[in-house]
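**Student:** Can you keep this structure in mind? I'll have questions shortly.
The values are calculated or read from the model by the stated rules, or taken from the named source; none is laboratory data. Given the structure is predicted, the values throughout are model-derived calculations rather than measurements. The protein model used for the area step is the full one, side chains on, heavy atoms only, and it has no ligands, DNA or RNA in it. Shrake-Rupley method; radii C 1.70, N 1.55, O 1.52, S 1.80 Å.
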Amino acid sequence: IPNLLLIRCAAQITLNVYRPGQGIAPHVDTHSAFEDPLISLSLMSDTIMDFRHPDGQEVSVFLPRRSLAVLSGASRYGWTHGIRERKSDVVDGEIRPRGTRVSLTLRKTRCRPCHCDFKELCDTWQADPQSSGLMLGRNFEEKHVWEFYDNIHSQFSNTRHTPWPKVVDFVNSLPSYCTVADCGAGNGRYSTQRDDLMCFASDTCFGFAKECRFVQN
């Protein structure tokens, strides 16, 4: 499948963990932010993904564990997708309890405006160029995320001194002398939890990178 070449140039990988009974609301990944296709790898447990068209059509697709789903064309742009919150699914008349499922979603950020034919779900088509302008996904993130945190990193860091307990539990569960990569580290407050780990902290915000250096020193 030619579109699988996206794996080689994906700019974003999202890892989600779904416990039995958990799901995700129907949505379409923002057209102006990500290219076609979207690629999702299901691990550890099966699930059913529900697709919904703006005209009311619904299609349910069984995703077995260790399967790769490729959303391209209409399935990427013209249908929402989601997973219902329930602890079991019915597949071929058989009730199958859900286990813990891990999904890896690969996306490539968009470098040009979206010109798809699926106007009902396209944020580019729905935007008003005269009042708001059409901003590419990367430019939007640079202006409203990276620049914002660069401007307020010191104040933000002063209010983020207490680590999240679940993350601390994970760090404390690691054996000695592990190498830890903290991507999107913020002010680096997790990098000093233990002296017997080698921690590398990184963040796209230069201000946060300076805060990490201060914490380490």
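**Student:** Going by Cα centres, the stretch 30-100 and the stretch 162-197 are how many Å apart?
**Tutor:** Each part's Cα centre sits 33 Å from the other's.
**Student:** While we're on this one: Sorting L15, L121 by accessible area (1.4 Å probe), largest first, what list results?
**Tutor:** On the way: L15 110, L121 40 Å².
Reading off the accessible areas and sorting them downward yields L15, L121.
**Student:** Mind grabbing the accessible area of E35 for me, 1.4 Å probe, Å², rounded to tens?
**Tutor:** Its heavy atoms expose roughly 20 Å² to the probe.
**Student:** As a test question: what accessible area, to the nearest 10 Å², does K87 have when a 1.4 Å probe is rolled over all protein chains in place?
**Tutor:** The value for K87 is about 140 Å².
**Student:** Can you sort D117, D182 by 1.4 Å-probe accessible area, starting with the largest? Walk me through the numbers on the way to the answer.
**Tutor:** Numbers: D117 135, D182 35 Å².
The residues order as D117, D182, largest area first.
**Student:** Over the heavy atoms of D169, what accessible area does a 1.4 Å probe trace out, to the nearest 10 Å²?
**Tutor:** About 100 Å², ignoring ligands and nucleic acids.
**Student:** Ranked by accessible surface with a 1.4 Å probe, highest first, in what order do R96, R189, R101 come? Mind showing how you got there, number by number?
**Tutor:** Working: R96 75, R189 40, R101 10 Å².
Output order, biggest surface exposure first: R96, R189, R101.
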